[in-house]
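One structure is given here, and the rest of the page talks about it.
The values are calculated or read from the model by the stated rules, or taken from the named source; none is laboratory data. If you're wondering where the values come from, they're calculated on a predicted model, not measured in any experiment. Positions of Cβ are generated from backbone atoms using ideal geometry, with glycine treated the same way; all protein chains shown enter the neighbour counts.
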Amino acid sequence: MTQETGGFAALDLHPSIVAAVIATGYEEPSAIQQQSIPLILAGHDLIGQAQTGTGKTAAFALPVLHKIDVSKREPQALILAPTRELALQVATAFETYAKQMPGVNVVAVYGGAPMGPQIKALRQGAQIIVATPGRLCDHLRRDEKVLATVNHLVLDEADEMLKLGFMDDLEVIFNAMPESRQTVLFSATLPPSIRAIAERHLKEPKHVKIQSKTQTVAAIEQAYMLVHADQKVAAVLRLLEVEEFDALIAFVRTKQATLDLASALEAKGYKAAALNGDIAQNQRERVIDSLKDGRLDIVVATDVAARGLDVPRITHVFNVDMPYDPESYVHRIGRTGRAGREGRALLLVTPRERRMLQVIERVTGQKVSEVRMPAPQAVLDARIKKLTNSLKPLVADAETTHGELFDRLSADIGCNPRALAAALLRKATNGQALDLASVEREQPLVPNGAPRERGERSERSFTGDRPERRAPMPLGEGRARCRTALGARDGIAAKNLLGAILNEGGLARDAIGRIQIRETFSLVELPEDGLDRLLAKLKDTRVAGKQLKLRRYRED
């Protein structure tokens, strides 16, 4: 290919990879991608110094995919990540970029999940392994030849791996791989420990250093709200009641989600429409024109469909689904705050997405403030204000045009003026009772704190704005309660602790009792008999990249 081709095609990547990248909405490679991809394709070892959000995942994922031999059903590439969350994120990116490459299989290998499915995926010939160091070493202890065929190694966020104490694990992994491999290392910083690794394990590496230039618009007010994944539609509807907006764009990840949310909004009386990749160009133009002239107030869109959308009257952006990277977030919220106007951007965050929120804050250099679910009183006030604003323009000449009719209706019905006015209001509001009790009776949402993921036991109840303290549940017979400093704020779910203890402790499922997840710690019921031996066995166990450190819990 020639350089004139432009974009990702100019990087000499396989056409199916280029097509998949373009389908995600990216048109031009970022600086780290422009510099790193040719070097990796040429077979050089590489040290890349770049912050998260500069596009570094694609910088190594695209050339690695290009080098995969689909005909070989064996591990060919290993990507090491410091945490479970990042490993899953990187694995998802690989799957996205490989969508048009039949036969490419990716497996995520991390602690806190059952070993069985991971072992099965490796034996079935997944070509790309995305792993955390601790769990990968567990696999190496079972089969020291797991990495024997890997010829491409990527260390993502190497400095974070060392901060988490993975140095010894990394040495074990390096020694289990062929010396002829290509090694790529990405790190935000290059402390002496990282340089020492590079000197020992990289061969004449090339160096690429990129400073993140991602900036947000100062006029945009940013906020986020924690919600359950299955509460997003209800959360959007509640937020719209109290947000004063002119026009709004809501971003979701899938085409189906655009249709579902737009339908829910229309059912509530909002002038909304979906915008996704399946919509024909002429219909897309009609939607945008309608948003510009006020026939539409809300557009629900995917990133790809919203490309190039520029409507000055957009005052709000709702990130209903978390974007895949900080650059996408910046592009999304840039749809508001145009032409010197102020804008507001709201992001819905599930507990598992809190790490990405931190990345967004670090990359943009701006703190995103947390907002709570609107209280019933705020919703009631907003509804009454909306009704007031709709009636105010009608009051000026209403008595002149409809006064006599009002008097006649009062006489014909045989009621006083107040009763007739109330009946007319009931008709105007479709029978909706505008009082606090009716608002409070509506289906409640988790208003504060960190909501749980589906399947995770909730250990918090709320009274107003303060979490209610709850005593530990009564102990089962023959069990002891143990405590770990890992909790909801660490992204831990009960299934993570269960999987780690089952795998590392060698226990049967029914040997483990209740698991209670709190905000800053967790409680686990384990067999009293042989507890000290079990705790010693679990001493080095990691969950989500952090040490479990289970201790007997003293209830004084």
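Among residues of the range 106-121 being surrounded by fewer than 19 Cβ atoms within 10 Å (Cβ to Cβ) and touching an Asp or Glu at 6+ places or on another chain (Cβ under 9 Å), the one that is farthest from Asp490 (Cα to Cα) is Ile119. Scanning the range 261-272 for residues that are in contact with a Lys or Arg (Cβ under 9 Å, 6 or more places away or on another chain) and within 24 Å of Thr24 (Cα to Cα) returns a single hit, Leu261.
Scanning the range 325-345 for residues that are at pLDDT below 75 and either hydroxyl-bearing (Ser, Thr, Tyr) or crowded, with 21+ Cβ neighbours inside 10 Å (or both) gives Asp325, Gly337. Check whether at least one residue in the range 518-535 is at pLDDT 75 or above, of a type outside the set (Phe, Trp, Tyr), assigned to a helix (DSSP H, G or I) and surrounded by 20 or more Cβ atoms within 10 Å (Cβ to Cβ), and report yes or no. There is at least one residue in the range 518-535 that is at pLDDT 75 or above, of a type outside the set (Phe, Trp, Tyr), assigned to a helix (DSSP H, G or I) and surrounded by 20 or more Cβ atoms within 10 Å (Cβ to Cβ). Among the residues of the range 250-270, write down those that are of a type outside the set (Ser, Thr, Tyr) and in contact with a helix residue (DSSP H, G or I) (Cβ under 8 Å, 6 or more places away or on another chain). Correct list: Ala250, Phe251, Val252, Asp260, Leu261, Ala264, Leu265, Lys268.
When each of Ala9, Ala42, Ala23, Ala31 is tested for being modelled with pLDDT under 90 and either over 26 Å from the mean Cα position of the chain (by Cα) or not assigned by TED's automatic domain parsing to the domain that holds Thr183 (or both), the lone residue that passes is Ala9.
Output yes when any residue across the range 262-277 is farther than 19 Å from Ala345 by Cβ, among the basic types (Lys, Arg), assigned by TED's automatic domain parsing to the domain that holds Ile333 and surrounded by fewer than 18 Cβ atoms within 10 Å (Cβ to Cβ), and no when none is. Yes, that holds for at least one residue. Restricting Lys56, Lys67, Lys99, Lys72 to those that are outside the structural domain of Thr254 (by TED's automatic domain parsing) and crowded, with 23+ Cβ neighbours inside 10 Å reduces the list to Lys56.
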